Amino acid sequence: MQLVGIARLAASGELLAAKRTVEYFELPTRRLLNRTSERMPFRWTINPYRGCEFGCLYCYARYTHEFMELDAVRAFERKIFAKRFFAASLAAELRRISRKDWIAIGTATDPYQPAERRFAVTREILKVFAAGRGRRLSVTTKSDLVLRDLELLQEIARANIVHVNFTLTAMDEKLARLLEPRAARPELRIVAARRLAQAGIQIGVFPNPVMPLLTDSEENLEAVARAASEAGATFLSGGPLFLKPCARRVFLPFLERHFPQLAPEYEKLYRAGAFLRGEYALRIRERLERVRTRHGLRDAPIEYTPELWEPEPEQGSLFEPASAVRSS
Ligand code: SF4
C-alpha cells in the first residue's frame with residue numbers, strides 16, 4: 001500500500017530514541033494550528049506530539065494514530081511522534097488568525113508526557129507565545145512536569161490570557177493508576193496546580209471524562225472539587241465519558257478485567273452511541289454544579305486583563321519578527 005500525507009511522513013520519521021518499550025520519532029510539521037468545530041470552547045488546537053505515553057484507558061485521541069496507518073491501541077502509547085517545527089512558521093501561522101480566538105494546547109496528546117523532558121516541543125511552542133501579545137491560550141495536562149515551565153508561563157501571562165488545566169478524574173490513587181497508568185499521581189497534579197496558582201497562573205480542573213459507576217459519584221466529584229479549590233483553581237468543568245470506537249476497544253476489555261460487573265452496564269449505556277446524553281448527562285451537570293457551588297468554583301475561566309494586554313490591532317500584528325523569537 002502506498003502511504004500518503006501524514007502516514008508517509010510518519011513512516012519516514014527518523015527514530016529519535018527508544019526507551020524500553022516506547023519509541024520516539026520525529027514528525028516534520030509545517031502547520032501546528034488545527035481548526036476545531038464551532039461547538040468547542042476554543043477555535044484552534046496545538047498538539048505538540050502524536051501519541052501519548054500516559055495510556056489512559058478511556059483516551060479518545062487514539063484515533064489520531066490511525067491517520068498514520070498505525071494501531072490506535074498499542075502504537076498510540078508506544079510510538080510517540082515529536083513534532084519538529086520552526087518557531088518562525090508558528091509565529092506566521094499565529095499572525096494569520098484572530099487574537100480573539102482561543103487556542104488550546106494538548107487536546108489529543110499530553111503536552112507534558114515523558115517525551116517532553118527529552119524533546120521540549122511544548123516549551124518551544126510556549127516560547128513563541130511568550131514573544132507575542134494579546135493571545136488567549138490554555139494548556140491541559142495530567143503532569144507536574146508543567147512546573148518546569150512556570151516562569152515561561154508567567155511571562156506569557158503578563159501579555160496574554162492563559163490558563164493551565166489539570167485533568168483529574170479521581171483523587172483515589174489506586175483507581176487513577178488503573179485508569180491512567182503512566183500519568184502523574186493525582187496528588188502531584190494538585191501540588192503542581194497549587195504552585196502555578198500561587199505564581200499567578202489561572203488554574204482549571206477537569207474531572208474528565210466522568211465515567212459512569214467509576215468516577216461519577218458525588219463523593220468523587222466532591223473530592224476532586226475540594227482538592228481543586230484548596231489548590232487555588234478558579235474553575236471546574238466536565239462531562240460524561242465519550243466512548244469512541246477506538247477507546248471502546250481498550251476500555252471495555254479493561255472493564256472485563258478489573259470491573260467485570262460494570263462491563264454489561266457499559267454495553268447497555270453505550271449501545272446507542274459514543275455519547276451519553278439525556279437524563280444521565282443532566283444528572284452529571286447537576287452534580288457538578290452542586291460541588292462547584294460548595295467549593296466556590298466557576299464553570300469557566302475568569303476573564304481578566306493581563307498587565308501588558310493589547311487588543312487586536314486593526315491591521316497587522318504585534319508579533320515580533322520571527323528573528324526575535326528566542327531559541328533557548
Ligand atoms: S493524557 Fe490525554 S492524550 Fe494522553 S492518553 Fe491520557 S487522555 Fe489520552
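The values are calculated or read from the model by the stated rules, or taken from the named source; none is laboratory data. Note that the coordinates shown come from a computational prediction; the quantities given were computed from them, not determined experimentally. Positions of Cβ are generated from backbone atoms using ideal geometry, with glycine treated the same way; all protein chains shown enter the neighbour counts. For accessibility, only protein heavy atoms count, side chains too; no ligands or nucleic acids. Shrake-Rupley method; radii C 1.70, N 1.55, O 1.52, S 1.80 Å.
Taking all protein chains as shown and a probe of 1.4 angstrom, TYR280 keeps an accessible surface of around 20 Å². Think of the chain as a dipole: +1 on every Lys or Arg Cβ, -1 on every Asp or Glu Cβ, centred on the Cα centre; then among VAL191, LEU255, TRP309, LEU255 lies furthest on the positive end. Using only side-chain charges placed at the Cβ, +1 for Lys and Arg and -1 for Asp and Glu, the dipole size of the stretch 258-300 relative to its Cα centre rounds to 200 debye. Computed from the C-beta positions of ILE97 and GLU265 and an R0 of 45 Å, the FRET efficiency is 0.55 to the nearest 0.05.
Taking all protein chains in place and a 1.4 Å probe, what share, in percent, of the accessible surface of the chain do carbon and sulfur account for? Let's see the in-between values first.
Details: 7740 of 15400 Å².
In the chain, the share of accessible area belonging to carbon and sulfur is 50 percent.
On a full-extension model of 0.36 nm per residue, what is the gain between ARG118 and VAL73, subtracting their alpha-carbon distance, rounded to one decimal in nm?
Working: separation 45, 0.36 × 45 = 16.20 nm, distance 2.36 nm.
This chain segment gains 13.8 nm when fully extended.
Each Lys and Arg adds +1 at its Cβ and each Asp and Glu adds -1 at its Cβ; summed about the Cα centre, the stretch 169-311 shows a dipole of about 440 debye.
Here the spin labels are modelled as points 7 Å beyond Cα on the Cα-Cβ line, and at ARG257 and ARG185 they lie 2.2 nm apart.
In order along the stretch 293-307, the phi-based Karplus estimate (6.51 cos²θ - 1.76 cosθ + 1.60, θ = phi - 60°) of 3J(HN,Hα) comes to 4, 5, 10, x, 9, 9, 9, 8, x, 7, 6, 9, 10, x, 3 Hz; Gly and Pro are listed as x.
Only protein heavy atoms count here; on that basis, with a 1.4 Å probe, GLU66 has an accessible area of about 80 Å². Among the lysines of the chain, pairs at least eight places apart or on separate chains and with Cα atoms under 24 Å apart come to 12. Think of a 1.4 Å ball rolled over the protein heavy atoms: the chain then has 47 Å² of accessible area per residue.
Given the options ALA159, ALA272, ALA300, state which has the largest fluctuation in a GNM of the chain using a 10 Å cut-off (strictly under) for Cα springs. Per the Cα network of the chain with a 10 Å cutoff, ALA272 tops the list. Taking a ≥ b ≥ c as the square roots of the eigenvalues of the alpha-carbon gyration tensor, the chain is classed oblate because a/c is 1.5 or more while a/b is no larger than b/c.
Remark: accessible surface ordering of PHE42, PHE129, PHE86, PHE275 (largest first) is PHE86, PHE275, PHE42, PHE129, probe radius 1.4 Å. In the stretch 133-235, Cα pairs under 8 Å separated by at least six residues give a relative contact order of 31 percent.
Mean-square fluctuations from a GNM of the chain, with a 10 angstrom spring cutoff on Cα atoms, peak among GLY273, GLY238, GLY134 at GLY273. Each part gets one Cα centre, and for the stretch 72-127 versus the stretch 235-303 those centres are 27 Å apart.
The heavy atoms of GLU38 present about 130 square angstrom of accessible area, all protein chains included, probe 1.4 Å. Relative contact order, whole percent, for the stretch 50-186 stands at 27, derived from Cα pairs under 8 Å and 6 or more residues apart.
How big is the dipole moment of the chain about its Cα centre under a simple scheme where the beta carbon of each Lys and Arg is +1, that of each Asp and Glu is -1, and everything else is neutral? Debye, nearest 20, please.
In total the dipole reaches around 520 debye.
With runs of 4+ DSSP H residues as the only contributors, calculate the mean residue ellipticity of the chain at 222 nm using -39,500 (n - 2.57) per run, divided by the residue total and rounded to the nearest 500.
Values: 13 runs with 122 residues, N = 328.
Counting only the DSSP helices, I get -10500 deg cm²/dmol.
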